[in-house]
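The values are calculated or read from the model by the stated rules, or taken from the named source; none is laboratory data. Small disclaimer: the values here were computed from a predicted structure and weren't measured. Virtual Cβ from ideal backbone geometry, glycine too; neighbours counted across all protein chains shown.
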């Protein structure tokens, strides 16, 4: 509690001292020098008392300020910049992306409206046809996002929606190139919870290599977006996500009862970041007289490690039984049905990627990397199912002005089938890309 300086006492003391000094009796008994000396002593004592009280007040103020600064503060979700309507803040983001591809397929042709012409989908590299070379100009990878945020009590609720135009079922190259938007991400955040469509929790986004094309080194990459409920607590993330059973011989099934369950641990420091993720899946098929299920599982270690002052290494190593669509953009499948006994078998697969990013000059960087996926197919499937996919790439990107990136890239990919010695069991593709991107 602060002390009040007794100004009244100080004034009375000073007044009394002056009065006594000039009182007639005092004039008779003391010399002028003695009276001045006594007055100076009294004033000095009064000054010392005032200084003591002022120091005590300053100490009290300092102690109170420190107490306030050290008091715990209520946690709050990060705020966003944007414009406010009512009690909600909105933000619009995204980028304009113009890509120019020249692609050679060694073993077949790809339809002009296929998404395979826009970015590397390893399992779709054609095999068994005639060589073809095509050139494509496209802006379909352009993206737009909307964020809304408002305060609810001591927390914030955030909504996010993201769209692009790749793989559009509408539009062609005849006249207007009019393409419909597709949903990429749409979720709500509140506290530690995220609900909606988002990148799968099994994936570490920081491991995605930088590229001039929409996506590169996807062969051994964990990659996917889907609906989920995710809970984050410190370094841990837990999620239940949309299930779907993909098979090699009876198509894609949606007969699951249990969701895919994922747990992930994230660690980060001066070295960069590393994540370890595990997934457990129910693989179920109900078709005709077949009604079978089996459980699949997978493990993934991924991250981005700093090397030197500016360089980094990005990596992803994964494997398991029944990973299917989670790895290699569904280059293989999660399961197969034994045609003899009708049993469902989870398919074993493993793969990964590694990429090196090396900045140079003021705003340029060089990227190079390799990726691969290898599949152990059941013998009863015979030939002509994907056994492996691999690719390597190199890219140079440069920002001539802020938020504008120019890039060039070369990518070579190989797809191999289980061979039977009758038809070709391997095909490859080589793509050169030039891109211009403006982020806003």
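Annotations for the structure displayed:
- Test: residue in segment 237-260 that is in a strand (DSSP E or B) and either within 30 Å of residue 360 (Cα to Cα) or out of contact with any strand residue (DSSP E or B) (no Cβ under 6 Å at 6 or more places or on another chain) (or both): no
- Here residue 331 fits the description: under 27 Å from residue 254 (Cβ atoms) and either in contact with a strand residue (DSSP E or B) (Cβ under 9 Å, 6 or more places away or on another chain) or part of a strand (DSSP E or B) (or both).
For (1) part of a strand (DSSP E or B); (2) under 27 Å from residue 311 (Cβ atoms); (3) not assigned by TED's automatic domain parsing to the domain that holds residue 320, each residue gets a yes or a no:
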| residue | (1), (2), (3) |
| --- | --- |
| 369 | yes, yes, no |
| 384 | no, no, no |
| 392 | yes, yes, no |
| 398 | yes, yes, no |
| 410 | yes, yes, no |
| 413 | yes, yes, no |
| 419 | no, no, no |
| 429 | yes, no, no |
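- For segment 337-367, the tally of residues that are assigned to a loop (DSSP other than H, G, I, E, B) and under 14 Å from residue 314 (Cα atoms) stands at 0.
- Qualifying residue in segment 347-360 (condition: within 26 Å of residue 200 (Cα to Cα) and touching a helix residue (DSSP H, G or I) at 6+ places or on another chain (Cβ under 6 Å)): no
- Matching residues in segment 270-279 - criterion: being part of a strand (DSSP E or B) and over 16 Å from the mean Cα position of the chain (by Cα): 278, 279
- Taken together, the residues in segment 96-139 that are surrounded by fewer than 19 Cβ atoms within 10 Å (Cβ to Cβ) and in a strand (DSSP E or B) amount to 11.
- When 157, 116, 152, 134 are checked against the criterion of being in contact (Cβ under 8 Å) with a residue 12 or more places away in the chain, in the same structural domain as residue 194 (by TED's automatic domain parsing) and touching a helix residue (DSSP H, G or I) at 6+ places or on another chain (Cβ under 9 Å), 134 stands alone in meeting it.
- Residues in segment 286-302 that are outside any loop (DSSP other than H, G, I, E, B) and either surrounded by fewer than 22 Cβ atoms within 10 Å (Cβ to Cβ) or not assigned by TED's automatic domain parsing to the domain that holds residue 249 (or both): 11 in all.
- The residues of segment 113-126 that are in contact with a strand residue (DSSP E or B) (Cβ under 8 Å, 6 or more places away or on another chain) and modelled with pLDDT under 95, listed by number, are 117, 118.
- Boolean, residue 147 is under 22 Å from the mean Cα position of the chain (by Cα) and under 30 Å from residue 300 (Cα atoms): no
- Among (1) modelled with pLDDT of 95 or more; (2) on the phi < 0 side of the Ramachandran plot; (3) not in a loop (DSSP other than H, G, I, E, B) - the single one residue 151 does not satisfy: (1)
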